[in-house]
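So the structure is just underneath, and the comments pick up after that.
The values are calculated or read from the model by the stated rules, or taken from the named source; none is laboratory data. What you see is a predicted model; the values in this text were computed from it and never measured. Positions of Cβ are generated from backbone atoms using ideal geometry, with glycine treated the same way; all protein chains shown enter the neighbour counts.
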Amino acid sequence: MKKILVAVDFSKNTEAVVEQAAKLAKGLSAKAWVIHVKSDQLLATVYDYLPLGNFPPEFVTPPMGDIEMARELCADEYKREHEALLNLSARLRAGGVNAQAMLLKGNAAELILEQAENLDVDMIVMGSHGHGLLRKMLIGSVTEAVLRDALCNVLIVPAPIE
């Protein structure tokens, strides 16, 4: 096993996921790709609640203040997540793990699976939130989708018990 993809979402389970991945990568002398997938959901939600009808933001005429504010909020969030991802990979490198960060935008399950295949990883390490059945039915589960469709081994790190 020489390559591990570590999928993080910056939830309370992220530390446990990174810790497990670090142990594996270090013990196996494997490279760790730390990946976070940024969703467009926040921007889409803001657009849905603006009184602009069903037009894409590129075709809406002024007032544009609300759209610009939404874009700035999303850009700020993107920057914070990018910095946090870089910090995680730097921390892994400082601990002796060959780690590289990767920030992507889109559907989390699809992009995790795509990158696992593109990078030819031997294992995906990710967390489980332990959300209830209703949430799972409404929005689906990234972990479940990855576990179901992955072409490599998947290690699921359970959410910490509160």
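Among what's in the range 68-85 and is hydrophobic (A, V, I, L, M, F, W, C) and surrounded by 14 or more Cβ atoms within 10 Å (Cβ to Cβ), pick the residue that is farthest from Phe10 (Cα to Cα).
So the first thing to find is which residues in the range 68-85 are hydrophobic (A, V, I, L, M, F, W, C), and the list is 69-70, 73-75, 84-85.
Checking which are surrounded by 14 or more Cβ atoms within 10 Å (Cβ to Cβ) leaves us with 70, 74, 84-85.
On the way: Ala70: 21, Cys74: 16, Ala84: 8, Leu85: 9 Å.
My answer is Ala70.
Residues are listed down the side, and each one gets a yes or a no for (1) among the hydrophobic types (A, V, I, L, M, F, W, C); (2) touching a strand residue (DSSP E or B) at 6+ places or on another chain (Cβ under 7 Å); (3) at pLDDT 95 or above:
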residue: Ala75; (1), (2), (3): yes, no, no
residue: Ser89; (1), (2), (3): no, yes, yes
residue: Gln100; (1), (2), (3): no, yes, yes
residue: Asn107; (1), (2), (3): no, no, no
residue: Glu117; (1), (2), (3): no, no, yes
residue: Val121; (1), (2), (3): yes, yes, yes
residue: Ser128; (1), (2), (3): no, yes, no
residue: Leu138; (1), (2), (3): yes, no, no
residue: Cys152; (1), (2), (3): yes, yes, yes
Would you mind stating whether Lys26 is of a type in the set (Lys, Arg), at pLDDT 75 or above, touching a strand residue (DSSP E or B) at 6+ places or on another chain (Cβ under 6 Å) and surrounded by 14 or more Cβ atoms within 10 Å (Cβ to Cβ)? no
Which numbered condition Leu5 fails, given (1) of a type outside the set (Asp, Glu); (2) loosely packed, with under 15 Cβ neighbours inside 10 Å; (3) modelled with pLDDT of 95 or more: (2)
Across the range 8-23, which residue is modelled with the lowest pLDDT among those that are within 19 Å of His82 (Cβ to Cβ) and outside any helix (DSSP H, G or I)? Ser11
